[in-house]
Amino acid sequence: MRYVIGTRKSKLAQAQTNFVCQRLREAYPEDEFVIQIVETKGDMILDKPLYEIGDKGLFVKEIEKKILSREIDIGVHSMKDMPSSPAEGLRFSGTWKREDARDVLILREKHSLEELAPGSVIGTGSKRREFQLKRLRPDIKVVNIRGNVDTRLKKMEEEHLDGIVLAAAGLHRLGMEDRITMYLSGEEMISAPAQGALALEIREGEEKLLEMLNAFQDEEASGTVEAERGFLQNIGGDCHVPVGAVCRKGAQGDYELRAMFGNETGSRQAYAVVRGKNPAKLAKEAAAAVRRQMAGMVSLVGAGPGDAGLITVKGLQAIREADCIVYDRLATEELLKEAKPGCEFVYVGKASRNHTMKQEEINRLLVEMSMKYEKTVRLKGGDVYVFGRGGEEGIYLRENGVPFEVVPGISSAIGGLAYAGIPITHRGIARGFHVVTAHDKDDKLAEIDFAAMARGKETCVFLMGLSKVEEIANKLMEAGMSHDMKAAVISCGAMPNQRTCVSDLAHIAQEVKAAGLISPAMIVVGDVISLREKLDFFESRPLFGKRYLLPMIGEKSSRLQELLQKQGAVVKEIQVGQIVNRERKFTKEEIESIDWMIFTSKNGVNAFFENLFVSGLDIRSLAGAKIAAIGDKTSELLRSYGINADLIPKEFHSDAFAEELRKVLHGEEIVWYFKAGNADAHLKKALQEHCRFEEIVVYENESVEFDREELEDIEAYDGAIFTCASSALRLFQKLEEKGQSIPAYSIGPKTTACLKKLGAEHIAEAEQADYESLCRLVCADRGEFLTE
């Protein structure tokens, strides 16, 4: 049988492969073994350290591809260069006897690390080695060096480095032991996991070849490598962080595993020593010991049911401080918007029978994130422990040495019912309640004591049971509960799209099917449902069930969205623009010459004061000027800067503003209007003949690209709400003729004029140009649309 052995082109790789090939030829003379050289990406990039160019797969991927394509039968690698698991379709043979696992120091002139003078320069391409050298000698300098052994030795001489650090195994295999100045013990420097061991990689299913390779398996090497690579896999290390593990087997058969782990900068490092007889167990213990020193806090936070406002104060604080948030589909987008800039978001799904990640994977992910971030939040719908599997996550974190805290949330069993107008208990009606999950791990009906439920007067709540409504109703009736007993199913409880179906046990399944309810949903059975008409506050709101499109300027959600949501609306915000302040330096003399200053928006106020302060001035320079402002919010912001507006028109639009200002102007006043660069000249035309009018551009309302696919279901909206003409223009440019038939709600005359020009067929205009009036308009819409 002919076997092709693949290896990298470096001298060390070839020396290792020649060793393997020779052993196989001696053991199996009837077979033919030939070597094929493969150039890997890692061999081609020699001017950068490994942690800058990618993961360990750089040295093996090309070889693995050839194994899978059957061009090669055996890949020979250094085990320390291998990822923690082989590629799909491949496997490792048993570990052969390993070479010396230690690192060594090669010095140009001195004879030991201790002899090196302060400021001496040592070369290495490994952060692990660099950080440990700095622990031994904080006064030396460590520089990056890449290349094969000969290249590094040459660089040491040419660049006048005082020394370099290499693996003893490589020098031994190359017959260069004489270049070693000193060996660094495991106590001095913890080696890379599996350093000195070879990895022989073959295709899965090649049982004969596996048996041939396993004939050379070494028991001690197998145990030590299992512990070291087990630590690497448990700790989740990669080439971007320093990680080391070295295991030794004692005379009595016990193993000692030394491990280290650090962050990318080396500012945080942890070391652990564990002893025992089981290599796999030692790996987990060492990883847990390291995490107890380094892991950040994981907060298991209950988000509550649907409504973002139901989050607890402590839960919201955790979200705002989080460096990473691991969330499922029941955590609302509004809560995610509370996170700080730079926070990493990881979606893990958890929809019924459609899990993006299995629970075991989520557990491991939380541990991984704890080593990457100081504060990780696991955000779960409802409460952490009420059928939320938070207990499993907490136990796993504790077992793996990760600190955690629990922030309880309002369970949907309580809050979801309340939002449907159903109290879970009520004096004289229900003195208690049962809360159960409706299905087991196999998605069958859970083992539930229906007889106890049927006998009692308590409210019965079944979570996650939409597909089991008929089965549950039948079981309750079979157990003796009246067919006439009130039953309800609440879909998407406490969410804007909440729907509630009420009937009796005999007919609830039929009603739910006809209504087309979707999950998440809960089933409620009990007399308390009779109170729903009196206690419903959520679904009775004026805009409940209505959907509106709200183009916005800037990234943050607007106050208008909040006002509309309070009235029950589902609001889809789409960013169509952003405010960018323009630099404009002011002098004290020109500011003091102004008679009137005009502000028509909060953006103008903020941009002006930013430029005023940058110019080295403050509000004292405004003492001689009078201030005119449109809108309560504009004047409110001015007050926050210590300025009370002298003129605020009763009607918040430019025509009324110009009319009132003309009454107090005499023709010679200097009037500055602080505006956006792309704003129209309406005010200028209205006032320039009555004063010395000047437009001062202090910000731009710039267009932002957005995905047209977000507007594909535009016909499904009950209206679009426009707070300025630029929002209308940008949205209609994307919608083209599709947007003309959707009801449009305008904040004022200028926006209305723009909408008419764009061909909007149905327009309603707010009485006052502010968010409150616009919200009242939408709520009170009686079909009184402006038309051409």
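Find the residue count for segment 44-98, including only residues that are at positive phi, open to solvent by less than 50 Å² (accessible area, probe 1.4 Å) and at pLDDT 90 or above. Show your work before the answer.
Initially, segment 44-98 is screened for residues at positive phi, giving 54, 70, 89.
Next, only the ones that are open to solvent by less than 50 Å² (accessible area, probe 1.4 Å) stay: 54, 89.
Filter once more, so that each one left must be at pLDDT 90 or above: 89.
Adding up the residues that qualify gives 1.
Could you check segment 448-515 for strands (runs of 3 or more DSSP E) lying wholly inside it with 1 or more residues that are surrounded by fewer than 19 Cβ atoms within 10 Å (Cβ to Cβ)? Quick ask: steps written out before the conclusion?
Details: elements: 459-463, 486-491, 499-504.
So the answer is 499-504.
Which one is surrounded by the most Cβ atoms within 10 Å (Cβ to Cβ) among residues in segment 3-34 that are among the aliphatic types (A, V, I, L, M), more than 16 Å from Gln217 (Cα to Cα) and out of contact with any strand residue (DSSP E or B) (no Cβ under 6 Å at 6 or more places or on another chain)?
Checking each candidate, the answer is Leu12.
Given the structure, is Ser654 of a type in the set (S, T, N, Q), over 41 Å from the mean Cα position of the chain (by Cα) and closer than 22 Å to His690 by Cβ?
yes
How many residues are surrounded by fewer than 16 Cβ atoms within 10 Å (Cβ to Cβ) and either free of Cβ contacts under 8 Å to residues at least 40 places away in the same chain or more than 21 Å from Gly554 (Cα to Cα) (or both) when one looks only at segment 693-709?
5
Just one of (1) assigned to a helix (DSSP H, G or I); (2) within 33 Å of the chain's Cα centre (by Cα) trips up Lys685, so point out which.
Result: Lys685 passes all but (2).
Give the residue that is farthest from Leu232 (Cα to Cα), with candidates limited to residues of segment 341-364 that are modelled with pLDDT of 95 or more and crowded, with 18+ Cβ neighbours inside 10 Å.
Within segment 341-364, the match that is farthest from Leu232 (Cα to Cα) is Cys343.
I need the strands (runs of 3 or more DSSP E) fully contained in segment 66-127, keeping only those with at least 1 residues that are basic (Lys, Arg).
Ranges flagged: 90-92.
Considering only residues that are open to solvent by 40 Å² or more (accessible area, probe 1.4 Å) and in contact with a strand residue (DSSP E or B) (Cβ under 7 Å, 6 or more places away or on another chain), look in segment 710-724 and name the one that is modelled with the lowest pLDDT.
Going through the qualifying residues, I end up with Glu710.
Taking the stated definitions as given, is Gly677 of a type in the set (Gly, Ala, Ser) and over 18 Å from Gly748 (Cβ atoms)?
yes
Is it true that some residue in segment 197-210 is within 38 Å of the chain's Cα centre (by Cα), small (Gly, Ala, Ser) and under 26 Å from Ile5 (Cβ atoms)?
Yes, that holds for at least one residue.
I need a count of the residues in segment 269-296 that are among the charged types (D, E, K, R) and in contact with a helix residue (DSSP H, G or I) (Cβ under 6 Å, 6 or more places away or on another chain).
Adding up the residues that qualify gives 1.
Of the residues in segment 9-35, how many are in a helix (DSSP H, G or I) and either out of contact with any helix residue (DSSP H, G or I) (no Cβ under 8 Å at 6 or more places or on another chain) or among the aromatic types (Phe, Trp, Tyr) (or both)?
Within segment 9-35, residues that are in a helix (DSSP H, G or I) and either out of contact with any helix residue (DSSP H, G or I) (no Cβ under 8 Å at 6 or more places or on another chain) or among the aromatic types (Phe, Trp, Tyr) (or both) number 11.
Do we have Tyr771 as closer than 21 Å to Lys572 by Cβ and touching a strand residue (DSSP E or B) at 6+ places or on another chain (Cβ under 6 Å) here?
no
Quick test for you: out of Gly296, Gly302, pick the one residue that is small (Gly, Ala, Ser) and under 15 Å from Pro520 (Cβ atoms).
Gly302
Can you tell me which of (1) open to solvent by 40 Å² or more (accessible area, probe 1.4 Å); (2) over 20 Å from Asp440 (Cα atoms) is the one Leu397 doesn't meet?
So Leu397 meets the others, but not (1).
Against the condition under 27 Å from Met495 (Cα atoms), among the small types (Gly, Ala, Ser) and either open to solvent by less than 20 Å² (accessible area, probe 1.4 Å) or in a helix (DSSP H, G or I) (or both), how does Gly421 come out, does it pass?
Details: under 27 Å from Met495 (Cα atoms): yes; among the small types (Gly, Ala, Ser): yes; either open to solvent by less than 20 Å² (accessible area, probe 1.4 Å) or in a helix (DSSP H, G or I) (or both): yes.
The answer is yes for Gly421.
Look at segment 10-33 and say how many of its residues are closer than 12 Å to Ser78 by Cα and without any contact (Cβ under 8 Å) to a residue 40 or more places away in the chain.
Number of matching residues: 1.
State whether the residues of segment 268-277 include one that is without any contact (Cβ under 8 Å) to a residue 40 or more places away in the chain, open to solvent by 30 Å² or more (accessible area, probe 1.4 Å), under 21 Å from Glu399 (Cβ atoms) and part of a loop (DSSP other than H, G, I, E, B). Show your work before the answer.
First pass over segment 268-277, keeping only residues without any contact (Cβ under 8 Å) to a residue 40 or more places away in the chain: 268, 270, 272-277.
Still in the list and also open to solvent by 30 Å² or more (accessible area, probe 1.4 Å): 268, 273, 275, 277.
If we keep only those that are under 21 Å from Glu399 (Cβ atoms) as well, we get 273, 275, 277.
Narrowing the set further to residues that are part of a loop (DSSP other than H, G, I, E, B) leaves 277.
Looking through segment 268-277, at least one residue is without any contact (Cβ under 8 Å) to a residue 40 or more places away in the chain, open to solvent by 30 Å² or more (accessible area, probe 1.4 Å), under 21 Å from Glu399 (Cβ atoms) and part of a loop (DSSP other than H, G, I, E, B).
Of all residues in segment 430-444, which are closer than 23 Å to Leu417 by Cβ, open to solvent by 40 Å² or more (accessible area, probe 1.4 Å) and not in a strand (DSSP E or B)?
Passing the criteria: only Arg431.
Out of segment 724-750, which residues are closer than 18 Å to Glu712 by Cα and part of a loop (DSSP other than H, G, I, E, B)?
The answer is Gln740, Ser741, Ile742, Pro743.
Exactly one of these conditions fails for Asn678: (1) under 26 Å from Gly554 (Cα atoms); (2) in a helix (DSSP H, G or I). Give me its number.
For Asn678, the exception is condition (2).
Taking the stated definitions as given, is Ser654 among the hydroxyl-bearing types (Ser, Thr, Tyr), surrounded by 15 or more Cβ atoms within 10 Å (Cβ to Cβ) and touching a His at 6+ places or on another chain (Cβ under 9 Å)?
Against the criterion (among the hydroxyl-bearing types (Ser, Thr, Tyr), surrounded by 15 or more Cβ atoms within 10 Å (Cβ to Cβ) and touching a His at 6+ places or on another chain (Cβ under 9 Å)), Ser654 qualifies.
Check every one of the helices (runs of 4 or more DSSP H) wholly within segment 530-646 and list those with 3 or more residues that are open to solvent by 70 Å² or more (accessible area, probe 1.4 Å) and in contact (Cβ under 8 Å) with a residue 12 or more places away in the chain.
The qualifying helices (runs of 4 or more DSSP H) are 532-535, 602-614.
Mind checking which pairs have a first residue in segment 760-781 that is open to solvent by less than 40 Å² (accessible area, probe 1.4 Å) and a second that is among the basic types (Lys, Arg), Cβ under 8 Å, 6 or more apart or different chains?
Correct list of pairs: Ile763/Lys756; Ala766/Arg776; Asp770/Lys633.
Just to be sure I understand, how many residues within segment 469-492 are under 13 Å from Ile529 (Cβ atoms) and acidic (Asp, Glu)?
1
Out of Ala227, Ala215, report the one residue that is at pLDDT 95 or above, among the small types (Gly, Ala, Ser) and open to solvent by less than 60 Å² (accessible area, probe 1.4 Å).
Ala227
Can you tell me which of Gly409, Gly416 is touching a strand residue (DSSP E or B) at 6+ places or on another chain (Cβ under 8 Å), modelled with pLDDT of 95 or more, assigned to a helix (DSSP H, G or I) and surrounded by 24 or more Cβ atoms within 10 Å (Cβ to Cβ)?
Gly416
The values are calculated or read from the model by the stated rules, or taken from the named source; none is laboratory data. None of these values were measured; they are calculated from a predicted model. Glycine also receives a Cβ, built like all others from the backbone with ideal geometry; neighbour counts cover every protein chain displayed. Heads up: the accessible areas ignore ligands, DNA and RNA and are worked out on the full protein's heavy atoms, side chains in. Shrake-Rupley method; radii C 1.70, N 1.55, O 1.52, S 1.80 Å.
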